[in-house]
Amino acid sequence: MAKPSIPKGTRDFSPIEMAKRNYIFNTIREVYALYGFQQIETPAMETLQTLMGKYGEEGDKLLFKVLNSGDFIGKVTDEELNERNSLHLASRLCEKGLRYDLTVPFARYVVMHREELQLPFKRYQIQPVWRADRPQKGRYREFYQCDADVVGSDSLLNEVELMQIIDTVFTRFGIRVAIKINNRKILTGIAEVIGEADKIVDITVAIDKLDKIGIDKVNDELRADGISEDAIQKLQPIIALTGSNEEKLDVISNVLAESEVGQKGVEETRFILDVLKSTGMNNAIDLDLTLARGLNYYTGAIFEVKALDYAIGSITGGGRYDNLTGIFGMPGLSGVGISFGADRIYDVLNGLDLYPKEAVNGTQLLFINFGEKETAYCMPVLGLCRSKGIRTEIFPDSVKMKKQMAYANAKHIPYVVLAGETEIAEGKFTLKNMETGEQTLVSPEALVETVLGSKSL
């Protein structure tokens, strides 16, 4: 018999792990709602027509494709099979794929439901996505994204609000983060002034790797992409730019004096940063001119967030993508969004031990089962406890008390209730604190009050 296993890059989650994950999702959900975002969901599968060509060549390779049902190979010729052209065969055998992210399905959703939507439309979406990536620490093949997007508004106040959302979420988590911002228009302007405007994608992809591979290897990659030595040298002081956000903006504004699009990017970034100054942000925002992000559909502001006290990749990212819905036949609709990487946030919270105790506790109160008579006596009070919001259960079988207590300990249940003949005669219950071992005889009302008032829950 084969040993049970799961695909690489996927995971099972225990009850405690799920409690932690729900703490993450609920926190993010609450903050999104504070800013007026509404929740939607889209199918796990999208048509390949929807997905292909939206993530660049590398992204297309990482799409999980779903075989057509039925006789999926019946229409494929022997010649096609013998060619062993995997991409061609995939197009013949597969019409659907698992979603790679939540942004492209959202753009498809907007176009399909445009008659029903009130613009600007502010949506959030918390669902899993799938990528055929090489599994490693902090990188999974199945993981959750927690997206928020605004479409139908060009206002930079949307960018400001998204930055505030990022700051609020990580403040609630207790995670210190570095929030980085850049603008694709600035990057385009840089490519223009160094004389390589047609190489903007190659340049941004290369400099986006600066933190990972260092300046020398970035320069090597630029040379391999056909960027002239003169352009590479002009790029060096820009990449190495230091100082405050204001100082960086002043310098880059001068560098991009002859670039109209570059100046527009500087103007947008300056507005966002100036407004945020008045909002009382808890985490610092850093203008990072090397921030490009791999996805090539960003057209304006770009965001990325990294934890300061835990070594892991980006835990949140996003930006403005003015042209995305145009791919689906709805041009001119501007969008901006962010995505929280819930699985990486989970690892950070775990690594820094930042989960609040109340977020991971399960059952708060266990009633010991002494038999039918005692159970009948306890049942109304079980209902009372649950009506007051206390997570309560009764052991289902009348077995030895030792076994029932072991159950309570295994589940880290802080309180146990005992009700035998003595308690029934007095109309009361014995409440045992499992941490201290203290036992008290209490009325149903006092029982509820004690459990609700406990700091250990």
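The values are calculated or read from the model by the stated rules, or taken from the named source; none is laboratory data. Given the structure is predicted, the values throughout are model-derived calculations rather than measurements. Backbone-built Cβ (ideal geometry, glycine too); neighbour counts: all protein chains shown.
Applying the criterion of being among the charged types (D, E, K, R) and over 17 Å from the mean Cα position of the chain (by Cα) to the residues of the stretch 281-336, the residue that is modelled with the lowest pLDDT is D322.
With the condition being not polar (S, T, N, Q), I'd like the strands (runs of 3 or more DSSP E) fully within the stretch 1-113 carrying at least 3 qualifying residues.
Correct list: 65-67, 94-98.
Which residue out of G326, G332 is at positive phi and either in a helix (DSSP H, G or I) or without any contact (Cβ under 8 Å) to a residue 12 or more places away in the chain (or both)? Checking each option against the conditions leaves just G332. Of note, Y310 does not satisfy the criterion of being surrounded by 16 or more Cβ atoms within 10 Å (Cβ to Cβ), among the hydroxyl-bearing types (S, T, Y) and in a helix (DSSP H, G or I).
For the stretch 375-400, the set of residues classified as part of a helix (DSSP H, G or I), surrounded by 14 or more Cβ atoms within 10 Å (Cβ to Cβ) and not β-branched (V, I, T) consists of Y377, C378, L382, L384, C385, listed by residue number.
For (1) at negative phi; (2) surrounded by fewer than 20 Cβ atoms within 10 Å (Cβ to Cβ); (3) touching a residue at least 12 places away in the same chain (Cβ under 8 Å), each residue gets a yes or a no:
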position: F121; (1), (2), (3): yes, no, yes
position: Q136; (1), (2), (3): yes, yes, no
position: C146; (1), (2), (3): yes, no, yes
position: E159; (1), (2), (3): yes, no, yes
position: Q164; (1), (2), (3): yes, yes, yes
position: I181; (1), (2), (3): yes, no, yes
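Just one of the listed residues (V110, V151) is more than 18 Å from Q49 (Cβ to Cβ), among the hydrophobic types (A, V, I, L, M, F, W, C) and crowded, with 16+ Cβ neighbours inside 10 Å, namely V151. Cβ-Cβ distances below 8 Å connect the following pairs, each with a first residue in the stretch 43-67 that is farther than 12 Å from I327 by Cα, a second residue that is among the polar types (S, T, N, Q) and outside any helix (DSSP H, G or I), and a separation of six or more residues or different chains: A44/Q127; G56/N296.
Filtered by the rule that a residue be out of contact with any helix residue (DSSP H, G or I) (no Cβ under 6 Å at 6 or more places or on another chain), in a loop (DSSP other than H, G, I, E, B) and closer than 20 Å to G195 by Cα, the stretch 250-288 gives A257, E258. Checked against the criteria, L89 counts as over 20 Å from G319 (Cβ atoms), aliphatic (A, V, I, L, M) and surrounded by 13 or more Cβ atoms within 10 Å (Cβ to Cβ).
Look through D211, D230 and report the one residue that is in contact (Cβ under 8 Å) with a residue 24 or more places away in the chain, within 27 Å of the chain's Cα centre (by Cα) and part of a helix (DSSP H, G or I). Spell out the reasoning first.
Working: D230 fails: within 27 Å of the chain's Cα centre (by Cα).
Criteria check complete, one pass: D211.
Applying the criterion of being under 45 Å from the mean Cα position of the chain (by Cα), under 19 Å from L382 (Cβ atoms) and among the acidic types (D, E) to the residues of the stretch 413-457, the residue that is surrounded by the fewest Cβ atoms within 10 Å (Cβ to Cβ) is E445.
Of the residues making up the stretch 146-174, just one is modelled with pLDDT of 95 or more, among the hydroxyl-bearing types (S, T, Y) and outside any helix (DSSP H, G or I), namely S155.
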